[in-house]
Amino acid sequence: MSEIFNLDGFSIIKRLGTGARSVIYLANDENENRQVAIKRAVLERAEDTRIFEQMETEYKVSKAVDHRYLRKCFKLMKFRNLLTVKEVVLTMELFEGETLEDSPGLSLIDVLLVFRMVAEGLGGMHQQGYVHCDIKPNNILLGTNGAIKIIDLGQSCRLGTTKTRIQGTPDYIAPEQVRKQPLDQRTDVFNLGATMYWALTGKNIPTLIPKKNESIGLAVPKQVLAPHEMQGQIPLGISKLVMDCVKDSPSERPMDMSAVISRLDILIHSILGSKLNKNAVSNY
């Protein structure tokens, strides 16, 4: 795929990065007089049609849901050769920042604040009838001003959907995604919990998608160290929230993002209150 390409109505400025079988560019939208991000995928082999499907899903879901923490999509363009779609281009909201995976180390309170915003954005999706299905560090953008954006809605679906094939990122995938069971808001709770586990410990929680040369399991391994057992400075309450989110059975997890946010708020206030008290003592 070429570094720079031509697109009527747009001035391509530079390549920003790569995704799954796609390339992201910075461009000027000359008709709207604004800068945008452009995701481009070109058919090179038969399986590339899946990224086309995901880009179309991302566009449709973005148009159906609206939340300040979800990246907006503006326009989907398909280019055909005879009857075959050979190229798909998606224009999206430009957000200056870097992924959670690429960000420098965050303080514990900053981690909790980031995940509170992510939970709020996901809760907004759920209220509008959709599940994200692929929350992971690479799909959370952190802005320089403290804002966040949830990106890549390509695996999103309506609440209650049962998918015919396994879709998700192995290190963060929920058991029901692997078992091809109905997906709902608690699927995102698991994905979020698995992402929090990584952010707090630097390790991935075991999932039903095995490492190479292993077979797919039927249950998540029970012997998993909780975050506070791996990092002594992590409060027990935070550790318990994470481990509750990654329970094998959806019915044992927090029931929705409102429940997650409520617990995060208690933890955030507790940490901030403790810091204020320490500062008051030290200044006395």
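The values are calculated or read from the model by the stated rules, or taken from the named source; none is laboratory data. All values reported here derive from a predicted model rather than from experimental measurement. Neighbour counts are summed over all protein chains in view; Cβ atoms, including those assigned to glycine, are modelled from backbone coordinates with ideal geometry.
Per-structure values
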read-out	value
Residue list for segment 149-186, filter: surrounded by 14 or more Cβ atoms within 10 Å (Cβ to Cβ), more than 11 Å from the chain's Cα centre (by Cα) and not in a loop (DSSP other than H, G, I, E, B)	157, 175, 176, 177, 178, 185, 186
Filter result (without any contact (Cβ under 8 Å) to a residue 60 or more places away in the chain and touching a strand residue (DSSP E or B) at 6+ places or on another chain (Cβ under 6 Å)) within segment 160-191	183
Single residue of 239, 215 found to be modelled with pLDDT of 95 or more and either among the small types (Gly, Ala, Ser) or in a loop (DSSP other than H, G, I, E, B) (or both)	239
Those residues of segment 93-146 which are farther than 22 Å from residue 233 by Cβ, assigned to a loop (DSSP other than H, G, I, E, B) and in contact with a strand residue (DSSP E or B) (Cβ under 8 Å, 6 or more places away or on another chain), in sequence order	94, 95, 96, 129, 132, 133, 135, 144
Number of the condition not met by residue 108 [criteria: (1) buried (at least 21 other Cβ atoms within 10 Å of the Cβ); (2) touching a residue at least 60 places away in the same chain (Cβ under 8 Å); (3) more than 25 Å from residue 66 (Cβ to Cβ); (4) not charged (D, E, K, R)]	(1)
Flag for residue 87 being exposed (fewer than 15 other Cβ atoms within 10 Å of the Cβ) and either charged (D, E, K, R) or in contact with a helix residue (DSSP H, G or I) (Cβ under 7 Å, 6 or more places away or on another chain) (or both)	no
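To keep it simple, each residue is scored yes or no on (1) in the same structural domain as residue 205 (by TED's automatic domain parsing); (2) within 30 Å of residue 46 (Cα to Cα); (3) not polar (S, T, N, Q).
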{"site": "84", "(1), (2), (3)": "no, yes, no"}
{"site": "115", "(1), (2), (3)": "yes, no, yes"}
{"site": "121", "(1), (2), (3)": "yes, no, yes"}
{"site": "129", "(1), (2), (3)": "yes, no, yes"}
{"site": "139", "(1), (2), (3)": "yes, yes, no"}
{"site": "148", "(1), (2), (3)": "yes, no, yes"}
{"site": "184", "(1), (2), (3)": "yes, no, yes"}
